[in-house]
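The values are calculated or read from the model by the stated rules, or taken from the named source; none is laboratory data. In this text, all values refer to a predicted model and were calculated from it rather than measured experimentally. Every residue, glycine as well, gets a Cβ built from its backbone with ideal geometry; the counts of neighbours run over all protein chains shown. The area values use the complete protein model at the heavy-atom level, side chains included, leaving out ligands, DNA and RNA. Shrake-Rupley method; radii C 1.70, N 1.55, O 1.52, S 1.80 Å.
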Amino acid sequence: MVAKQIRARGISDTRVLEAMEEIPRHLFVDEALLNQAYADNPLPIGERQTISQPYIVALMTESLELTGYDKVLEIGTGSGYQTAILSRLADRVVSVERIASLSSKARKILDRLKCYNVLTVVGDGTFGWKDEAPYDAIIVTAGAPEIPKAYLDQLAVGGRLVIPVGGSNSQNLMKVTRRSGEKDDLEYEELGGCRFVSLIGEHGWKG
Ligand code: SAH
């Protein structure tokens with residue numbers, strides 16, 4: 001998976017590649033889909049949600065430019081697969097999920113993999129998670145109609161936000177970097193087209 005789908009498509013951050021080699025993706029996939037766990041596409045994880053395609057996980061993770069010392073906020077725990085990758089690359093991860101059953105299932109696997117630097121919480125992640133702000137990196141793994149303001153407010157100086165923005169069927173993967181402490185000193189970059197399930201909540205799509 002890592003050689004053919006990820007390295008071959010231009011992901012070169014060795015820490016990201018190593019983390020993706022280490023975390024067993026099949027643990028996050030239903031037994032009935034085990035034979036597809038390492039395939040080049042997203043897979044259903046129940047509750048009409050999906051675990052992202054491996055390449056997209058790699059692209060988003062690399063874009064966060066993690067050093068090992070960062071505090072990361074993730075919105076959309078889902079299966080917990082992306083969370084586990086972040087756990088290996090960051091100092092601390094706060095992961096918010098709106099569906100309690102997905103969050104508790106993910107927590108069990110994260111414990112099994114000894115991802116003890118991850119706090120999993122249930123709630124509406126369109127508010128971010130103020131308690132531990134600011135964050136060096138914020139990753140949103142559900143598609144938003146526009147960027148919720150809370151994410152920009154909770155981004156540290158020098159911090160990176162990666163979020164799919166657009167319609168409910170397809171989005172553009174956006175990267176936003178906070179250049180200074182001044183209010184709107186933000187740099188926007190487009191990373192390409194993508195297709196995520198919807199970010200549902202007060203500052204997202206209405207469920
Ligand atoms: N990163 C996940 C992908 C999960 S799919 C993985 O690797 O498996 C997106 C997830 O975002 C879904 O589980 C969905 O329930 C969740 N989600 C959608 N809107 C949300 C919100 N407002 N707050 C928190 N989680 C949300």
The stretch 1-70 and the stretch 132-207: distance between their alpha carbon centers, rounded to Å: 20
Put +1 on the Cβ of every Lys and Arg and -1 on every Asp and Glu Cβ in the chain; which of Ile109, Tyr55, Pro164 then has its Cα farthest towards the positive end of the dipole? Ile109
So which aspartates and glutamates pass the test for Lys114, namely a Cα distance under 12 Å, with those fewer than 8 places away in the same chain ruled out? none
With contacts defined as alpha carbon pairs under 8 Å and 6 or more residues apart, what's the relative contact order of the chain in percent? 15
Hey, any idea what % of the chain's accessible area is carbon plus sulfur with a 1.4 Å probe? 50
Ignoring trypsin sites (Lys or Arg not before Pro) that are buried or in helix or strand per DSSP, and keeping those with at most 13 other beta carbon atoms within 10 Å, what is the longest stretch of the chain between them? 49-113
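For the chain, what does the accessible surface come to per residue with a 1.4 Å probe? Please give it in Å². Before the final figure, lay out each step's value.
Working: 9640 Å² over 207 residues.
Dividing the accessible area of the chain by its residue count gives 47 Å².
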Using just the helices of the chain, give the 222 nm mean residue ellipticity in deg cm²/dmol: DSSP H runs with n ≥ 4 each add -39,500 (n - 2.57), and the total is spread over all residues, rounded to 500. -6500 deg cm²/dmol
